[in-house]
Amino acid sequence: MITIEDIHYSYASNIEALKGVSLTINDGDFIAIMGQNGAGKTTFIKHFNGLLKPTSGIVRVNGVETTKTSVAALARNIGFVFQNPDNQLFSETVEDEIVFALKNFGFDKETIEQRVVWALDFLSLTQYRKTSPFLLSGGERKRVALASVLAWDPNTLVLDEPTIGQDHEQKEKLQQFIMQLQSKKKTVVMVTHDVEFVAECNPRIILMRDGKIVADGIAKDILTNSKLLEESSIVLPQIAQIFTKLCPLGLPANVINMDEAETTILSHVKKEGE
């Protein structure tokens with residue numbers, strides 16, 4: 001569990017990035033933090049593993065205040081994938097990048113090999129095992145950073161803009177993996193501008209604006225509130241836009257993803273045919 005109590009954070013330039021933010025993240029939660037650039041999203045999540053310490057207020061991870069422990073100690077349970085992979089990668093090969101944390105956390109050689117093979121395969125990186133990550137494309141480097149964290153199977157996974165540079169296939173794989181983590185009661189927190197990906201994943205949404213949380217609720221409620229989204233410079237998901245226009249035909253307006261759209265339309269057609 002992560003509990004955040006009335007935290008404020010100011011950078012050295014005296015810019016106040018967080019203004020009294022409080023939130024409880026329970027074990028097994030799947031949360032998407034959304035908002036326009038400069039809302040304070042990345043600053044906020046960097047408090048989860050102690051990369052940043054609050055100017056005031058308290059952050060606790062499993063009951064331990066982040067100001068009273070090290071980033072290294074928090075990292076074993078909280079895996080963090082940066083928006084820019086170049087801020088995270090440093091090894092000579094993709095394999096070494098994935099192995100590094102596993103060795104530091106004391107995994108045996110057999111387990112390390114198994115986890116490296118799994119991570120490379122899952123993120124379509126097997127062919128780059130002996131390649132320098134810095135010779136890969138931006139999207140591929142993003143997947144290497146993700147693989148290096150997924151390999152050690154942290155209890156909480158924090159992802160900053162995980163879909164940037166990823167094609168449709170990789171986004172689907174990421175969604176499926178997040179669902180697998182959910183079935184294992186893992187906690188997933190992602191910062192993202194990808195409203196379509198959020199709509200398909202259907203998480204709890206935390207909406208931030210100007211360093212504060214302005215909304216906290218289920219995806220269906222947040223992503224169909226056009227006024228709230230407009231104030232945060234977020235566009236309605238495409239499915240939600242379509243169903244808003246279909247309301248005069250008797251269809252609900254609060255549909256946000258493909259699966260629900262299909263079920264709703266088929267149900268409506270069946271009812272009309274009776």
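The values are calculated or read from the model by the stated rules, or taken from the named source; none is laboratory data. For clarity, every value in this text was computed on a predicted model and none was experimentally measured. All Cβ positions, even for glycine, are placed from backbone atoms using ideal geometry, and neighbour counts span all protein chains on display. To get the accessible areas, we keep the full protein, side chains included, count just its heavy atoms, and leave off ligands, DNA and RNA. Shrake-Rupley method; radii C 1.70, N 1.55, O 1.52, S 1.80 Å.
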**Study point:** Where a residue in segment 16-33 is within 27 Å of Ser183 (Cα to Cα) and among the charged types (D, E, K, R) and its partner, wherever it lies, is at pLDDT below 95 and open to solvent by 20 Å² or more (accessible area, probe 1.4 Å), with Cβ under 6 Å and at least six apart
**Key:** Asp27/Met1
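Can Val144 be described as in contact (Cβ under 8 Å) with a residue 60 or more places away in the chain and under 18 Å from the mean Cα position of the chain (by Cα)?
Details: in contact (Cβ under 8 Å) with a residue 60 or more places away in the chain: no; under 18 Å from the mean Cα position of the chain (by Cα): yes.
For Val144, the condition - in contact (Cβ under 8 Å) with a residue 60 or more places away in the chain and under 18 Å from the mean Cα position of the chain (by Cα) - is not met.
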Review point. Pairs under 9 Å by beta carbon, first residue in a loop (DSSP other than H, G, I, E, B) in segment 249-261, partner open to solvent by less than 60 Å² (accessible area, probe 1.4 Å) and hydroxyl-bearing (Ser, Thr, Tyr), six or more apart or different chains?
Key: Leu251/Thr264; Pro252/Thr264; Ala253/Thr224; Asn254/Thr224; Val255/Thr224; Val255/Thr264; Ile256/Thr224
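From the list Lys142, Lys173, exactly one residue is within 18 Å of Asp194 (Cβ to Cβ), among the charged types (D, E, K, R) and either crowded, with 19+ Cβ neighbours inside 10 Å or in contact with a strand residue (DSSP E or B) (Cβ under 9 Å, 6 or more places away or on another chain) (or both). Which is it? Outline the logic, then answer.
On the way: Lys173 fails: either crowded, with 19+ Cβ neighbours inside 10 Å or in contact with a strand residue (DSSP E or B) (Cβ under 9 Å, 6 or more places away or on another chain) (or both).
It is Lys142.
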Practice item. Keeping to segment 222-240, report how many residues are without any contact (Cβ under 8 Å) to a residue 60 or more places away in the chain and out of contact with any helix residue (DSSP H, G or I) (no Cβ under 9 Å at 6 or more places or on another chain). Key: 4
Point to revise | Close pairs (6 angstrom Cβ cut-off, 6 or more residues apart or separate chains): under 15 Å from Thr42 (Cβ atoms) in segment 78-91, of a type in the set (D, E, K, R) and surrounded by 16 or more Cβ atoms within 10 Å (Cβ to Cβ) anywhere | key: Phe82/Asp160; Gln83/Asp160; Gln83/Glu161; Pro85/Arg141; Pro85/Lys142
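Of all the helices (runs of 4 or more DSSP H) wholly in segment 63-136, which have at least 2 residues that are aromatic (Phe, Trp, Tyr)? Break it down into steps so the answer makes sense when it comes.
Working: elements: 71-75, 94-104, 109-122.
Here the list reads 109-122.
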Practice item. State the number of residues belonging to segment 23-37 that are touching a Lys or Arg at 6+ places or on another chain (Cβ under 9 Å) and farther than 15 Å from Ile213 by Cβ. Key: 3
Check your understanding: What pairs come up if the first residue lies in segment 155-175 and is touching a residue at least 60 places away in the same chain (Cβ under 8 Å), the second is among the aromatic types (Phe, Trp, Tyr) and outside any loop (DSSP other than H, G, I, E, B), and their beta carbons are under 8 Å apart, counting only those six or more places apart or on different chains?
Key -> Val158/Phe80; Asp160/Phe80
